[in-house]
Structure formats: C-alpha cells, structure tokens
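Enquirer: My structure is below; once you've seen it, I'll send some questions.
The values are calculated or read from the model by the stated rules, or taken from the named source; none is laboratory data. Here the structure is a predicted model, which is why all the values come from computation and not from measurement. Neighbour counts run over all protein chains shown; Cβ positions are idealised from the backbone, glycine included.
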C-alpha cells in the first residue's frame, strides 16, 4: 500500500512554529512539531489519533512511516514539553491582545476522560467530572487565565490515584487535586502571571488546606462552596450557606430586603439581572477577613443550577458584589475551553501510554489552541476599522460540532444547566443602573475562540486540502 506523503504545513502555522525552533535540536523535530499542530487543527471526521493526524487509515495504515514518525516524536524524541509550554506562555504575554493583566482571573479546575485498560499512566477507575460518575479514565488538573475577551490554558498536571502508587496515599509521589492546584498557582505566580483572584469550584473551595495556603500566601480568591456546606453555629442561627441566604428578607424585586440587583452582560449582547448579597455565617461576613457571597437568578427559590455560594478574601471596600460575581463568572471559560480542546483539538485522543508522551500531547494541544488566537488577532490587524483599534472579527464556527454560541454547562458546579458566558456587569437599582461597568461602557460582544478556532482551521484546510488562490493569499497575509 502506498504511503501518504508528509503533511503540507501552511505559512501561518510555520511562522508561528518558528518561534519554538530553538527548543528542538534537529530539523526533523521542528518538522514533526509543525505536522502535529497541523494535524490537531485540521477538521477530521474521527478522533484525532496519530493515524488521523496524518490522514491515514486507523488500522491498515497504522504502521506506515508518517504515523510512526509522529509516534517517535511524541514518545521517544528528545525535547522538553515544559520548555515548549513556557515558550507558548511567553508568546502570549508578549502579544498585547493576549497579555495577562490584573483584572483577569486564574481558574483552577480538573477534567477527566474515559480511557480503557490499566497500562496507560494515571489511568484508573475514578470519578470523571465530564461523565458525572465513576469510570475508568484519566484526570488532569489545569490552570487557565481569562478575562472577558480572552482565555487560554497555562499549565496541566495529571492526577495519579493512590491505587496506582505502591505506597498508596502515603507514597511520596501522591498528590491530591487541591495539592496539584497549589502547585499550579505557585507556578503561575512564579512566571509572573497577574490576576485579580484565583477562581475555582467547590472541590477546591471546600478544601481547608488549599484555602489556608492561599490565605498565608496572601493570594486573593473567589471559591465556590456547596449550598449544604456545614459550619458550627448556635442552634438558632443558620448552619449552611443555603440557610443563610434563605433567611434574607426577600419579598420581590421592589422589596429586595438584603439583596442587591447585579446586571450581567453576556457575549451575545443580552443582559440578565442576578441578585447578590453578603451573608453572615459563623466567621464569614462583609466586615470579616473572609466574605461569603451568594448570587442567584431567583432569591425566592435559590435554584441549584443558577445560584452561587462564594467565599472570598477580597475586601468589600475593594470588591463590591458586582466584582465578586464578575470574577466567578469568568470561571465558565474553563468549561468552554474543555469543549474546544476535546471536541476540536483531540485532547483525549492520544494513543500513548507513558507519562511523558501524555504530557507532551496535552501541551501540543495547548500550542494548537494558542495558535488560533495568534492567527485570529493577526488577521484582525490586517483589516482595522477606521478610527478605532483593531478588534477580532466575528467568524462563524465552521468546524463540525463547534459551539456557535459559546454556551457552557455547569453553572457553579460540574453538572447543571447551560448559560452564555458573561462579558461584564454592573450593580443595578430599581431606578436604573449605577456603578462602574466591569467592561468599558458600550463595549460590544467580541468573538471568542469559537470563531478563532474555526478561522484557523479553515485557513489551514484551504492550503492542506486544496484551497483557492484567494484563500492561500489570505493565509500569507495572516502570517506576516
């Protein structure tokens, strides 16, 4: 059977990849890096396994040279994945549109994917949040930086269940997910990533060790608690966040009692009124070192899927209710990023077993993710609007299965309803809106990676799979 030729790498991707060339020892390694990214970015009608990345048949062509070359690059070739990721993050910080700033958030989360067998590193029968149940699979703890316009992964650490280690939970190599989260936060701070607060769901918000570490390091945070999170208190007082919220004197929107209206603006342009309040519960309070904030769509019913209970060390004088709600709302970008790296970029499609190869695959997916921003912003800069700064164009999603509305699941928890991602908000009163908008006044919704990813893939496909001269010319413009 005739083998397929090497994948053509278009100019924009080659220009992006040149910035990593110094990290690879040989020309062949540099070539494989480009081919791997191109394979991840191109739309495919099946999972992005090694055979799919080069367009080979999954069984009959699995041993052909193009597949084996990528297999060697991923598993055995001598290069440092952490150095590649450090370079990727440095490029993001050097580019003004994607540079992290002090009004964004550092999101900590974990993601799990089903994997068969027991020979692959880190794979075990464990809880997988993506499935909402115990299953055989692999879990990674991740960090992500986000603001209202841009979001991207920073670092990833695989979680190894105690059963995979000879010493169990006492093994020196064992790390809980919150302990891995501490390492990720420390790494982000060490490389100088600025953020307003660490944001995470209740798995981390209810971990006393992590909260104590953030407190002692003076790292501000906005972490979720479960509604039933119990505290010690006199019998007549509330004993959980839900009980404390239910005791607020709510009658209706005209008589909100202890609630304040918060207007949230979403990227598709629509607005929603949420209601928020500072709660007093045990040692929590607006005048205490640690606050407990509730935010909900319905103060009367406190629906599970649209009510947040948030613990924060941001003082009331520096962060009003609108700011706390804004910061936690940015956590939803991590759910959106999981959809994209899994549905479009093959995060869980690896067919390697070693820890080193898995980590390499994940960071190569992160590089492909970042290329989408890189290509999109440069294309936008080539067609600025007269009299205004260039902004990303709205590009319709073109990949099969791509999300077209940037809606994410898991409002406040791993499972639940679906809600569009907010881009801003302000405190609202019955007489109108007051306070400072969290996004520049009048800011229009901007495209997010849904459009950028489709745009990058369409550009690559036009060259690799045979595109028109005009599309190829567009690629050349994108690369400069």
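Enquirer: What is the one condition in (1) assigned to a strand (DSSP E or B); (2) over 29 Å from the mean Cα position of the chain (by Cα) that residue 245 does not satisfy?
Expert: Every condition holds for residue 245 apart from (1).
Enquirer: Moving to a separate point now. Go through region 144-174 and count every residue that is surrounded by 13 or more Cβ atoms within 10 Å (Cβ to Cβ) and over 22 Å from residue 115 (Cβ atoms). Explain how you work it out, then say what you get.
Expert: Within region 144-174, the first condition is being surrounded by 13 or more Cβ atoms within 10 Å (Cβ to Cβ), and the residues that meet it are 144-162, 164-165, 171, 174.
Narrowing further to those that are over 22 Å from residue 115 (Cβ atoms): 144-152, 154.
Result for region 144-174: 10.
Enquirer: Follow-up question, since we're still on this one. What about residue 234, is it in a loop (DSSP other than H, G, I, E, B) and either farther than 30 Å from residue 101 by Cβ or in contact with a helix residue (DSSP H, G or I) (Cβ under 6 Å, 6 or more places away or on another chain) (or both)? Please lay out each step first, then the result.
Expert: Details: in a loop (DSSP other than H, G, I, E, B): yes; either farther than 30 Å from residue 101 by Cβ or in contact with a helix residue (DSSP H, G or I) (Cβ under 6 Å, 6 or more places away or on another chain) (or both): yes.
Answer is yes for this residue.
Enquirer: Further question on the same structure: Report whether or not residue 307 is surrounded by 18 or more Cβ atoms within 10 Å (Cβ to Cβ) and more than 28 Å from residue 177 (Cβ to Cβ). Let's see the steps before the verdict.
Expert: Details: surrounded by 18 or more Cβ atoms within 10 Å (Cβ to Cβ): yes; more than 28 Å from residue 177 (Cβ to Cβ): no.
For residue 307, the condition - surrounded by 18 or more Cβ atoms within 10 Å (Cβ to Cβ) and more than 28 Å from residue 177 (Cβ to Cβ) - is not met.
Enquirer: Please give the number of the condition residue 131 fails out of (1) under 30 Å from residue 378 (Cα atoms); (2) surrounded by fewer than 20 Cβ atoms within 10 Å (Cβ to Cβ).
Expert: It fails just one condition, (1).
Enquirer: Still on this model: Can you work out which of the residues in region 12-27 that are part of a helix (DSSP H, G or I) and in contact (Cβ under 8 Å) with a residue 40 or more places away in the chain is surrounded by the fewest Cβ atoms within 10 Å (Cβ to Cβ)? Talk me through it step by step, then tell me what you get.
Expert: Going through region 12-27, the residues part of a helix (DSSP H, G or I) turn out to be 12-18, 21-23, 27.
Restricting the remaining residues to those that are in contact (Cβ under 8 Å) with a residue 40 or more places away in the chain gives 12-16, 23.
Numbers: 12: 24, 13: 27, 14: 14, 15: 17, 16: 23, 23: 16.
Out of the qualifying residues, it is 14.
Enquirer: Can you tell me which residue is surrounded by the fewest Cβ atoms within 10 Å (Cβ to Cβ) among those in region 197-219 that are in a loop (DSSP other than H, G, I, E, B) and out of contact with any helix residue (DSSP H, G or I) (no Cβ under 6 Å at 6 or more places or on another chain)?
Expert: Quick first cut of region 197-219, residues in a loop (DSSP other than H, G, I, E, B) only: 201, 206-207, 217-219.
So of that shortlist, the ones also out of contact with any helix residue (DSSP H, G or I) (no Cβ under 6 Å at 6 or more places or on another chain) come out as 201, 206, 217-219.
Working: 201: 25, 206: 16, 217: 11, 218: 7, 219: 18.
So the residue we want is 218.
Enquirer: Examine region 267-277 for a residue that is assigned to a loop (DSSP other than H, G, I, E, B), touching a helix residue (DSSP H, G or I) at 6+ places or on another chain (Cβ under 8 Å) and at pLDDT 95 or above, and state whether such a residue exists.
Expert: no
Enquirer: Just wondering, is there one or more residues in region 89-97 that are at pLDDT below 95 and buried (at least 17 other Cβ atoms within 10 Å of the Cβ)?
Expert: yes
Enquirer: Is it the case, given these coordinates, that residue 310 is at positive phi and touching a strand residue (DSSP E or B) at 6+ places or on another chain (Cβ under 6 Å)?
Expert: Numbers: at positive phi: no; touching a strand residue (DSSP E or B) at 6+ places or on another chain (Cβ under 6 Å): yes.
Judged against the criteria, residue 310 is not a match.
Enquirer: Which one of these does residue 227 not meet: (1) under 26 Å from the mean Cα position of the chain (by Cα); (2) surrounded by fewer than 12 Cβ atoms within 10 Å (Cβ to Cβ); (3) touching a residue at least 60 places away in the same chain (Cβ under 8 Å)?
Expert: Status for residue 227: all satisfied but (2).
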